[in-house]
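First the structure, in the form of structure tokens, and then the observations on it.
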Amino acid sequence: MVDDRDFHAFADLLLQRLPHTVDRDPVRALLRRRYPTEPADLWSALTEPDRIVRWFLPLHGDLREGGSFQLEGNAGGDILTCTPPQLLRVTFGHETSVVELRLAADGEDTVLELEHTVPLAMAGSAAGALFVGPGWDGALMGLGLFVRGEAVGDPVGAADSPEVVEFNRHSIDRWVAAAEASGAATAGEIEGGRQAALAQFVPDPR
């Protein structure tokens, strides 16, 4: 099932994701989640091939700092920094597209921050976050279900379930609100991003 906690986790911080962007600055999509497990266990779920396949995608590669990775049917890249269980920094699909995962213990939980940074020239505007934000929202929702012992079946197939599609629709709405609040994208750019996100994450059932 899709837990409302996953909606609340990103809705509360949504408007902090997209600071005002000027020509020389990158566009950043920042997501923050809390998981009921220790950092070492969450790191394992994020990086070990036999675990990540159970909530996300098959993972292959030379999985060490200085090595490379490939997510089956998705992006690959270089592993820039790997400091278990605190920091993972990789390129993602392009050398200037960088994803950083930061883990920190907070009581009995672990707080995870995922930051995806791309140059303004690649993103076009803050609305470029709509191309990646909803996908990361869905992935981290799946991670939450896995950590809580609720993830079952094929995660790729589950991505097309009615519950997840509805989750994606709400995620897109919230990213649109974030882009509007950023003041760093025109109405036309935001609408273009929204349409692209709907086509990717809310497939037409026909």
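For the range 71-93, residues that are among the acidic types (Asp, Glu) and surrounded by fewer than 16 Cβ atoms within 10 Å (Cβ to Cβ) total 1.
Restricting the search to helices (runs of 4 or more DSSP H) fully inside the range 128-206 and requiring at least 3 residues that are surrounded by 21 or more Cβ atoms within 10 Å (Cβ to Cβ) and out of contact with any Ser or Thr (no Cβ under 7 Å at 6 or more places or on another chain) gives 133-147, 162-182, 187-201. Got a number for residues in the range 76-121 being free of Cβ contacts under 8 Å to residues at least 40 places away in the same chain and either in contact with a strand residue (DSSP E or B) (Cβ under 9 Å, 6 or more places away or on another chain) or of a type in the set (Ser, Thr, Tyr) (or both)? The qualifying residues number 22. Assess whether residue 41 counts as being surrounded by fewer than 14 Cβ atoms within 10 Å (Cβ to Cβ) and either at pLDDT 95 or above or touching a strand residue (DSSP E or B) at 6+ places or on another chain (Cβ under 8 Å) (or both). In short, no.
Listed here are the residues, each with its yes/no results for (1) more than 15 Å from residue 99 (Cα to Cα); (2) of a type outside the set (D, E, K, R); (3) surrounded by 15 or more Cβ atoms within 10 Å (Cβ to Cβ); (4) modelled with pLDDT of 95 or more.
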{"site": "21", "(1), (2), (3), (4)": "yes, yes, yes, no"}
{"site": "26", "(1), (2), (3), (4)": "no, yes, yes, no"}
{"site": "29", "(1), (2), (3), (4)": "no, yes, yes, no"}
{"site": "32", "(1), (2), (3), (4)": "no, no, yes, yes"}
{"site": "52", "(1), (2), (3), (4)": "yes, yes, yes, yes"}
{"site": "58", "(1), (2), (3), (4)": "yes, yes, no, yes"}
{"site": "64", "(1), (2), (3), (4)": "yes, no, no, yes"}
{"site": "69", "(1), (2), (3), (4)": "no, yes, yes, yes"}
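Scan the range 146-189 for residues that are aliphatic (A, V, I, L, M) and within 18 Å of the chain's Cα centre (by Cα) and jot them down. Explain how you work it out, then say what you get.
Of all residues in the range 146-189, those aliphatic (A, V, I, L, M) come to 147, 151-152, 156, 158-159, 164-165, 172, 176-179, 181, 184-185, 187.
Within the range 146-189, 147, 151, 156, 158, 159, 164, 165, 172, 176, 177, 178, 179 qualify.
The values are calculated or read from the model by the stated rules, or taken from the named source; none is laboratory data. The structure displayed is predicted, hence computed values, not measured ones. Quick reminder, even Gly has a Cβ in these numbers, built from the backbone with ideal geometry, and neighbours come from all protein chains shown.
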